[in-house]
Every structure is written in C-alpha cells, then in structure tokens.
1. With contacts defined as alpha carbon pairs under 8 Å and 6 or more residues apart, what's the relative contact order of segment 190-325 in percent?
2. Too long at a 22 Å Cα-Cα cut-off: which of 231/294; 167/313; 176/248; 100/294; 244/276; 100/190?
3. Run the quick spin-label model on residue 260 and residue 323: label points 7 Å from Cα toward the beta carbon, then report their separation in nm to one decimal.
4. Let's test the formula: R0 of 30 Å, r as the Cβ-Cβ distance of residue 64 and residue 119. What FRET efficiency results, to the nearest 0.05?
5. Within segment 101-126, find all residues whose amide N lies under 18 Å from a label point positioned 7 Å from the Cα of residue 197 along Cα-to-beta-carbon.
6. What shape does segment 72-325 take by its C-alpha gyration tensor, where a ≥ b ≥ c are the square roots of the eigenvalues and a/c under 1.5 counts as rounded, a/b above b/c as prolate, and the rest as oblate?
Amino acid sequence: MPFIHVPKSWQLPERVVTSEAAFLQRRRFLKALTGFSIAGSALALAGCQSKQATGDTAPIAGTKALEAISNPAFVDADRPITNELIAATYNNFYEFGGNKSIWQNAQALPTDPWKVEVTGLVNNPRVFDLDDLLNFPLEERIYRFRCVEAWAMVVPWLGFPMSALMKAVEPTSNAKFVRFTSYFDPQVTKGPGFPPVQFLPFPYTEGLRIEEMANELAFFAVGIYGHTLPKQHGAPIRAVLPWKYGFKGAKSIVKIEFISTQPATYWNTISPGEYKFESNVDPQVPHPRWSQAKERLISPGGQFAWEEVPTLKYNGYGEYVASLYS
Ligand SMILES: Nc1nc2c(c(=O)[nH]1)N[C@H]1C(S)=C(S)[C@@H](COP(=O)(O)O)O[C@H]1N2
Ligand SMILES: [Mo]
C-alpha cells in the first residue's frame, strides 16, 4: 500500500515539546515503514518518545487533531522540519500587524462558523462550510516554504490538493485565472497600524493562472503539524504554493473566484515592481532591495537561529512545475 496512516497519536500534547531531533527520528521511522501496514505500530511508537519538560504551547492552543494520510512524494523535504512553536510564533499576517509577532493578535479571528464561497466561471458554484472543507480526503505534505523576505522553513501541512476543489466545482473553459480573498473586517483585522488600514488594499487577495492551480503541488492547507491551523497560520483554510514566494499563499480564505482575466493582488497593488503576479522562487532574480541567491533557514536545530542555505529555483520543485513556464 502506497500510503501510511498518520495516527491520531501523532499529536499527543507532548509531541509539541519533543525535541526536534526526536521528532525527526520518528518521522524517518514512519517513512521507513512506507509500504508496510502499520496500523498498530505507529501508535506504539508514540509511547517511545522521551518526555521533556512542558513547554509553552499557548501559540497552538485551541487546535484540534486531524487525521490524514502521508503523501509519500512529500515526506522528505531534504531539510529538517521547523520547530512547531517557532513556526507558530514567527508569522506574516498583515491584517493583524506589521511584524512577525502577530500570533496573539490573530487570536481575534473568528473562524467558526466559516464559509468559503466558490463562484465565478464554474458549473457548480458552491459555499463550503468548515465540515465540507474537512471532509475532503486529507493528506500530509512536508513542503519547503520560502518567504520573499529571504527566510525559509519546512512545514508539515495537512490539507487537500487544489485540483480536488476544482473537480468539485468544475471551472468552465473560460476560467483562466483564480482569485483568493482573505477574511477582512476592519473591526477585527486592524492592519499593521501604519499605514492606517483604510489606506491599504484590503481585503488581501492573491491569484494564480488556472494551470498553476491545477498543478499537483498547489494545496489548500486546513492543518499543520497534525492538527487544525492555529489562527496565525491562516485558519481555517489557506493556500500553499511551495514553488512560489510565501505571499502568494493567501490565509483565511473566504472567497475563491474563477475569472477570465488576471486579478489585482494585495502586494502587487502596493508595489508592482517588487511583488510580481507570478513570483516563482528564483535565486537569479533579486528583489529590488535584496538578493534572493541565499535564504535564512529558520531554526534548523530547533532553537531560534538561522542557517544560510542557497535558494533553489522553484524552491527545488522544478520537476513538478518547470513545464508551466516553458
Ligand atoms: N491574508 C494574508 N495572507 C498571507 C499574508 C498576509 O499578510 N495576509 N502573508 C503572506 C506571507 S508574506 C507569508 S511569508 C505567509 C506566511 O505564512 P505563515 O505565517 O503561516 O508562515 O503567509 C502569506 N499569506
Ligand atoms: Mo512572505
């Protein structure tokens, strides 16, 4: 059997305070089991973890365990997985502030109930609620993640391919682009403070060509590290496009529209010379204010630290996506 089951025990509370090395060892072990039926053995493994002093898990409080199959194509990102609590406390979410420390502000986001309206050039327009989203067959994919600001992480997402949603709504042949719109309510998402929120092009929008959306890599995440998304990561659903810079992946999506022309997007509207619509990761194309040749891999050893590594074209995912750009 090609898939292994990620057991519920994967997110035992102590998992989040397990040292990264132990966590990775366990992942490798799970990986080594691919091809076997491991219904009981993975559960037993959880008991083998060394228990460590309790850490502060407040940044992921309120999340719920999710079950998913591990997609064998994405079990190894060639780099260590970023420590969960570091990923959960170093975020970009301009609706909640202009720096990386927005995780507490983001707790104001109301995520239940939630509706995602899928509309435009589709045969089956539909409004998905939270249960509908969680009812897609969920898989885990460990992806490299690269922000345009030249920092990088490695994150185990849970979710479903965008192609699964396309199948459900059936875009028509006139649909050439898709636009994602994030949640916005100026009473809640107060923006970075300066400039004042009313001067910024909120709601946050992003977009793709339809062929990019249909690519195997394009993913909707409803979870991370074995549980639902904490709000600061864009709960309850956000886009993940690992060959593009992180800003292409809109968080907390409320609307998905299939359209015939290229949509305006948040960062491209603010600074078109710096944030292109396509924005594939490319070491050869510098940002006007900095080089993209290298990136700072966050917390390779589990503590908050950097390691400089070379940037890879398409973030290393060329085998999947290069043909989209030839
Ligand atoms: N709605 C919305 N989506 C967003 C952003 C944002 O500010 N608002 N920031 C983007 C940027 S620049 C990055 S790098 C990633 C960060 O995702 P993370 O905080 O979950 O790591 O989210 C992207 N999606
Ligand atoms: Mo980013």
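None of the figures in this text is laboratory data; all of them are computed from the coordinates on show. Please read these numbers as outputs of a predicted model, since none were measured by experiment. Neighbour counts are summed over all protein chains in view; Cβ atoms, including those assigned to glycine, are modelled from backbone coordinates with ideal geometry.
1. Values: 188 pairs, mean separation 28.8, N = 136.
Relative contact order comes out at 21 percent.
2. Working: 231/294 29 Å; 167/313 29 Å; 176/248 17 Å; 100/294 20 Å; 244/276 11 Å; 100/190 15 Å.
Too far apart for the 22 Å limit: 231/294; 167/313.
3. Spacing of the two 7 Å Cα→Cβ label points: 2.9 nm.
4. Working: r = 28 Å, r/R0 = 0.94.
About 0.60, to the nearest 0.05.
5. 101-112
6. Numbers: a/c = 1.27, a/b = 1.17, b/c = 1.09.
Note, shape of segment 72-325 comes out rounded.
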